[in-house]
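In what follows, a single structure is set out as structure tokens and then discussed.
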Amino acid sequence: MSKQDEDTVTFAIHQPNYIPWLGYFYKMWRADIFVYLDTVQFPRGQSFANRNRIKTPNGVSYLTIPVSVPSGEEGKAAYTEVEFANEKWQRKHEKTLQRSYARADYYEEIAEIYSKTSESETDFVSLNIALIESFAEYLDITTTRVRLSELLTEYGQKTELIVDIARALDADVYLSGEGGGREYNDEAVLNSNDIQLKYTGFQHPEYAQLWGDFESHLSIIDLLFNHGKNSRNILLAGKDENT
């Protein structure tokens, strides 16, 4: 049986962030088609675009990729225009992950996926997408995935972007995350374009971790290091009762 009604096409969208949290992969799993927003504006200031949270012996910490944008394009550059500020970050991240997760049951397995994928990519957006793809495949998420840059060359902003993507995909259900979605989605505009708005209803599961009390909203890599292939079952336990 389909994840959604058989006579509808459900799509979800998100920026290609660095090793995202569990809710990102849950939303991907719930959709028929998932679109990486690789040509939208890279956010100003601190965000989850180039960093994410992990759990270390000293508590929660961030893994951050140092990035740069073309001179004069600060605040206007697209994800595809962002570059690595230096090449030292990868080894640093690998060492931090080793110190934090070497005792985890699936450290070797997941560390190998992370390292091989990271070493195969030379630009920021491709790295992020490749890591997401690698972990989605590991979790057996079979949702069709496509880049916005492969789908559209011109599109509107905010809700108009959603409408343009829906038309390009011939989709009629938009699946939104719970975070900023309820604030930014214009349901009236979607309805006027025959697009149904749904929310994931994701409930963050609690699972066994290293280093003390449970911490939620970490990178997916925390779950994977600790639970390996069983991460899929734990992730999908975060579904709401209407799923």
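Compute the FRET efficiency between Glu206 and Thr8 as 1/(1 + (r/R0)^6), taking r as their Cβ-Cβ distance and R0 = 35 Å, and round to the nearest 0.05. After rounding to 0.05, the efficiency reads 0.65.
Taken about its Cα centre, the chain carries a charge dipole of roughly 940 debye when the Cβ of each Lys and Arg holds +1 and the Cβ of each Asp and Glu holds -1.
For Gln15, the shell of other residues with beta-carbons less than 14 Å away shows a net charge of +4, using +1 for Lys and Arg and -1 for Asp and Glu. Taking 0.36 nm per residue of separation and subtracting the current Cα-Cα distance, fully stretching the chain between Asn191 and Asn58 would add 43.1 nm.
Pairs of Lys residues in the stretch 59-159 that lie 8 or more places apart, or on two chains, and have C-alpha atoms under 29 angstrom apart add up to 6. Beta bridges assigned by DSSP with both partners in the chain are antiparallel in approximately 40 percent of cases. Evaluated over the Cα positions of the stretch 2-135, the convex hull gives a direction-averaged projected area, one quarter of its surface, of 9.5 nm².
Counting every pair of alpha carbons in the chain, the share spaced more than 32 Å apart comes to 21 percent.
The sum of -39500 (n - 2.57) across all DSSP H runs of n ≥ 4, divided by the residue count of the chain, sets its helix-only mean residue ellipticity at 222 nm to -10500 deg cm²/dmol.
Each value in this text was obtained by applying a stated rule to the coordinates, not by laboratory testing. Keep in mind the model is a prediction, meaning the values are calculated, not measured. Glycine gets a Cβ as well: all are built from the backbone with ideal geometry, and neighbour counts include every protein chain shown.
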